[in-house]
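Notes for the one structure printed next.
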Amino acid sequence: MGSQPIIIRRSLFGLLGLILVGLLIAGFIYGLAYFLHTQNPRDTTPIAILQLMGVVVLISTAVTAIVYNLHSMTLTDSGVTIKNWGSLFFSSETHCDWNEIEDLNVQRGGPLAFVGGYAELTIQTASAVPRMTFKYCPRPEYWRDYIDQRSESTPQLVRSV
């Protein structure tokens, strides 16, 4: 019987940044609506449009935050599975066995990624999908080393010619 799978979600730092940007944009829109209301309280059409835009920004920020958090990398006894979501309803899933892993690479996206402790983890494989990528991976060096150690301890396939 195998061990429990390890599920890794995207970095919370990226999620907080995404929510903060959405709130700042919505706050700016509502501030503009308030300013227009103080300048001309009788003209309600632009104010209503701006309020609707603010609601749309808040809803889209919430949906984007949910989709962001759905992305995952799962480590099981059989191998690595990365599930990426394009929207609330569409996802793609890639899998490779431990013995198919050839190389692992961590690429930081800049100073915020360094401070936030996340990066892009890329797995080069010998499977049907030659490259698997997990963006905004928390503690990427730890997971790279974990996957590398696990893949090296798994016996390689013997291929006949």
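Of all the numbered requirements in (1) touching a Ser or Thr at 6+ places or on another chain (Cβ under 6 Å); (2) closer than 22 Å to Tyr136 by Cβ; (3) surrounded by 13 or more Cβ atoms within 10 Å (Cβ to Cβ), Asn99 misses one, and that requirement is (2).
Does Ser92 meet the test of being without any contact (Cβ under 8 Å) to a residue 12 or more places away in the chain, more than 16 Å from Pro5 (Cβ to Cβ) and either in a loop (DSSP other than H, G, I, E, B) or not basic (Lys, Arg) (or both)?
Values: without any contact (Cβ under 8 Å) to a residue 12 or more places away in the chain: yes; more than 16 Å from Pro5 (Cβ to Cβ): yes; either in a loop (DSSP other than H, G, I, E, B) or not basic (Lys, Arg) (or both): yes.
Yes; evaluated as a whole, the condition is true for this residue.
Confirm whether Met1 is under 29 Å from Tyr146 (Cβ atoms), assigned to a loop (DSSP other than H, G, I, E, B) and either modelled with pLDDT of 95 or more or more than 16 Å from the chain's Cα centre (by Cα) (or both).
Details: under 29 Å from Tyr146 (Cβ atoms): yes; assigned to a loop (DSSP other than H, G, I, E, B): yes; either modelled with pLDDT of 95 or more or more than 16 Å from the chain's Cα centre (by Cα) (or both): yes.
For Met1, the condition - under 29 Å from Tyr146 (Cβ atoms), assigned to a loop (DSSP other than H, G, I, E, B) and either modelled with pLDDT of 95 or more or more than 16 Å from the chain's Cα centre (by Cα) (or both) - is met.
For beta carbons closer than 8 Å, sequence separation of 6+ or different chains, a first residue in the stretch 18-35 that is within 16 Å of Ile66 (Cβ to Cβ) and a second that is β-branched (Val, Ile, Thr) and in a helix (DSSP H, G or I), the qualifying pairs are Leu18/Thr61; Leu18/Thr64; Ile19/Thr61; Val21/Thr61; Gly22/Val57; Gly22/Thr61; Gly22/Thr64; Leu23/Thr61.
Taking the criterion of being in contact (Cβ under 8 Å) with a residue 40 or more places away in the chain and outside any strand (DSSP E or B), would at least one residue in the stretch 118-131 satisfy it? Checked the stretch 118-131: no residue is in contact (Cβ under 8 Å) with a residue 40 or more places away in the chain and outside any strand (DSSP E or B).
Picking from Phe35, Phe13, which residue would you name as being assigned to a helix (DSSP H, G or I), modelled with pLDDT under 95 and surrounded by fewer than 13 Cβ atoms within 10 Å (Cβ to Cβ)?
Details: Phe13 fails: surrounded by fewer than 13 Cβ atoms within 10 Å (Cβ to Cβ).
Only one candidate qualifies: Phe35.
Selection over the stretch 79-89 of residues that are surrounded by fewer than 17 Cβ atoms within 10 Å (Cβ to Cβ) and under 17 Å from Trp143 (Cβ atoms) gives a count of 1.
Going by what's in this entry, would Tyr30 be described as touching a Leu at 6+ places or on another chain (Cβ under 7 Å), modelled with pLDDT of 90 or more, surrounded by 13 or more Cβ atoms within 10 Å (Cβ to Cβ) and part of a helix (DSSP H, G or I)? Lay out the reasoning, then the answer.
Details: touching a Leu at 6+ places or on another chain (Cβ under 7 Å): no; modelled with pLDDT of 90 or more: yes; surrounded by 13 or more Cβ atoms within 10 Å (Cβ to Cβ): yes; part of a helix (DSSP H, G or I): yes.
Taking the combined requirement at face value, the residue does not satisfy it.
The values are calculated or read from the model by the stated rules, or taken from the named source; none is laboratory data. This is a predicted model, so every value here is computed, not measured. Neighbour counts run over all protein chains shown; Cβ positions are idealised from the backbone, glycine included.
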